1. Using heavy-atom solvent-accessible surface (probe 1.4 Å) with all chains present, what is the largest-first order of Met39, Met125?
2. Once the Cβ-Cβ distance between Thr152 and Lys29 is put in as r, and R0 is 30 Å, what FRET efficiency do you end up with, to the nearest 0.05?
3. Using a simple spin-label model with points 7 Å from Cα along the Cα→Cβ vector, what separation in nm is obtained for Arg166 and Arg36?
4. Let me cross-check Ile142: its accessible surface, 1.4 Å probe, with only protein heavy atoms counted, in Å² to the nearest 10?
5. What GluC sites (Glu not before Pro) in segment 43-91 are in a loop by DSSP, with at most 10 other Cβ atoms within 10 Å of the Cβ?
Amino acid sequence: MTVKNQFPTNPNRVDPYKNFRFRVKWDGKYVAGFSRVSMLDHAVQAVKFRSGGVPGVQSTEPGQTSYAPITLERGISEDNAFEQWSNEIWGYQGGSGDDVADSQKSQQDFRKDIVIEFYNVAGQMVLAYNVFRCWPSEYVSIPDLDQNGNLTAIQTLTLQNEGWERDTSVGEADA
């Protein structure tokens, strides 16, 4: 039985990509240690209407698009990138109130564009997505602790976003 190649860019590849090789960056730097990134998901609301001239037929048209929050997970480490970003929201909301200049800086910087890069098993980047105007809506710094457990302690950062698009300049290598 001959299998027709489904991958025109690299005819030697016969399997789809695995989901375990990825990197995330913001502020132009890679953030270390991610074990999980939730899916990129958007939905378009279906708006229903009826035309006055055709009372028995209901039509639909596309409405607003909404983008699902993205959840980033990683084991607790010395890297405090999650905490720093989540604290910028605190400053934006006037949390400390100590320094007006810091509050103004935070208002400019609490939204960040992030890049999610996806790699094949050979370590070559094959996909990249730019996610726009992200901000942390939830941060879990320390998970439930259990003296009898043996799980890795995971930090979680949930990001709201205003959309994403594929970086079309990134593509699979020919071989």
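The values are calculated or read from the model by the stated rules, or taken from the named source; none is laboratory data. Nothing here was measured: the structure is a model prediction, and the numbers come from that model. We place every Cβ from the backbone using ideal geometry, glycine too, and count neighbours over all the protein chains shown. SASA here: full protein model, heavy atoms, side chains in, ligands and nucleic acids out. Shrake-Rupley method; radii C 1.70, N 1.55, O 1.52, S 1.80 Å.
1. Numbers: Met39 145, Met125 65 Å².
Ranked list, largest accessible area first: Met39, Met125.
2. Values: r = 24 Å, r/R0 = 0.78.
That gives a FRET efficiency of 0.80.
3. 2.6
4. 110
5. Details: sites: Glu73, Glu78, Glu83, Glu88; in loops: Glu78.
Sites meeting the loop and neighbour criteria: Glu78.
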